[in-house]
Structure formats: C-alpha cells, structure tokens
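Nothing in this text is a laboratory measurement; each read-out follows from the coordinates by a stated rule. Please read all numbers here as calculations on a predicted model, not as lab measurements. FYI the Cβ positions are ideal-geometry reconstructions off the backbone, even for glycines, and counts take in every protein chain you see.
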Amino acid sequence: SQQGEEDPQALSIQEGENATMNCSYKTSINNLQWYRQNSGRGLVHLILIRSNEREKHSGRLRVTLDTSKKSSSLLITASRAADTASYFCATDRGSARQLTFGSGTQLTVLP
Amino acid sequence: DTEVTQTPKHLVMGMTNKKSLKCEQHMGHRAMYWYKQKAKKPPELMFVYSYEKLSINESVPSRFSPECPNSSLLNLHLHALQPEDSALYLCASSPGPLAYEQYFGPGTRLTVT
C-alpha cells in the first residue's frame, strides 16, 4: 500500500525555472528519501532527510520536512531538460527498513 | 563497481513458460530487493533478502519464486504467470538491512502473453 501521496501528479516547466513537488505521508517516520526515475529505468537515490532535520541541500536540490504536517517538499532550482523524470518520495518501515514509495510526480522540463 | 545489473532487459513469455530474472551487484551489499512496478505507478516491494536469507515476502503469489545463490546474485524464477503480471521488475541492493539508501538496477520489462 502507498504510504504517501505526491502532488502535483504532473508538472511541466521551462528550462531554468524552479520545480517544486510535495509529498505527504501517513505514519511517523525515521527519515524520508527522494528518488528519481527516468522513463522505464531504475531509480536513483537523490537525497535523504532525517526526521529531526527540517531542511537539507544537495547541489540544486533542496528538501524540507515538516513532521507535524507529515509532509515533505523537493525543490529543484534552475531546472534542465535532463531533469525530466518521475520523482518519488519514499519512507521506510518495518524490521528490514522496507521502502514504501509515494505516487510520484512526473516532471517535464521543456528546452 | 557501483552498479546493479539486471538481465534480460526485456522478456516476453507465455503463461505456461518458466523463466528467470537475474540481478547482480559487486558492491559488497548484504541486502537485496525485488520490486514490481506497473506503468505510471510507484514500485511495490516484493521480497527482501538479508545476508542471503529471505527476510520479507510481501504476500507475493507462489508463481514468483526468489533465490539468492550468493551475496552478489539474486534471481526471480517465474512460472505460470498471468497477463496482469506484466510489469517492470526492479532489483535493488543496500549495504545492509539497516541501511537506508537503495541502489537500483535498470529493470527487466516483462510481458506475459
């Protein structure tokens, strides 16, 4: 079952603009991760934010976490055509830290 | 080597066939995973192997049978599949069962006819 929902489901922007996608989850978490998936390919880990962190940066990525609202956002600044992909948030659960993915946001960056 | 490889890339099989998917990693990771992903949906966990032992089976039908022959290799044996089993099958690994970040392979696109 899906732990979280993401919005928007799809986002189309021009190259150079910023892209923001949001993730909401249902249960308490240890951390939250974001992954990127190019069309029909494997997922690539982007960033992890721990439950006691509010904001984290990695290159052009900025992630925020609000545990009181059970939500996270991923901001991609100065987007490029190569950023076109699906983006998933993921939370872990259980003894094997099983990942449960959100529904995903399909980002299209137009050149 | 920081890669997870999967073979074959594409597989078409009939409902009476038996086939296997293969996944390999040489990063020394001790946890390996199988996921199923339908079009426009997120990946869904199927199995978790920890130190070559099956630790999690997410109520997957018995027509899917995982196997971990050694710490680098993970197989998924398929038998008597249904057309609704057509999907992208992703393998992933992580340094250990308590590690967070997972490394994914490119997937096998399976079509059941």
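Okay, here's what the table says:
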item: Complete set of residues in the stretch B:60-84 that are of a type outside the set (S, T, Y), at negative phi and in contact (Cβ under 8 Å) with a residue 40 or more places away in the chain; result: B:L73, B:L74, B:N75, B:L76, B:H77, B:L78, B:H79, B:L81, B:Q82, B:P83
item: Selection count where residues are under 23 Å from A:Q106 (Cα atoms) and not aliphatic (A, V, I, L, M), scope the stretch A:40-54; result: 4
item: Options B:M13, B:M32: the member that is over 24 Å from A:T91 (Cα atoms) and in contact with a strand residue (DSSP E or B) (Cβ under 8 Å, 6 or more places away or on another chain); result: B:M13
item: In the stretch B:85-108, the residues that are surrounded by fewer than 22 Cβ atoms within 10 Å (Cβ to Cβ), facing another protein chain (nearest Cβ under 7 Å) and either without any contact (Cβ under 8 Å) to a residue 40 or more places away in the chain or more than 12 Å from B:M32 (Cβ to Cβ) (or both); result: B:L88, B:L98, B:Y100, B:E101, B:P106
item: Inter-residue pairs, beta-carbon under 8 Å, first more than 8 Å from chain A (Cβ to nearest Cβ) and under 13 Å from B:A87 (Cβ atoms) and in the stretch B:33-59, second among the aliphatic types (A, V, I, L, M) and in a loop (DSSP other than H, G, I, E, B), 6+ apart; result: B:M46/B:V60
item: Within the stretch B:5-45, tally of residues that are among the acidic types (D, E) and in contact with a Leu (Cβ under 9 Å, 6 or more places away or on another chain); result: 1
item: B:R63 at the interface with chain A (Cβ under 8 Å from one of its Cβ atoms), of a type in the set (D, E, K, R) and within 15 Å of the chain's Cα centre (by Cα); result: no
item: Residues within the stretch A:54-82 that are buried (at least 18 other Cβ atoms within 10 Å of the Cβ) and farther than 10 Å from A:C23 by Cα, tallied; result: 3
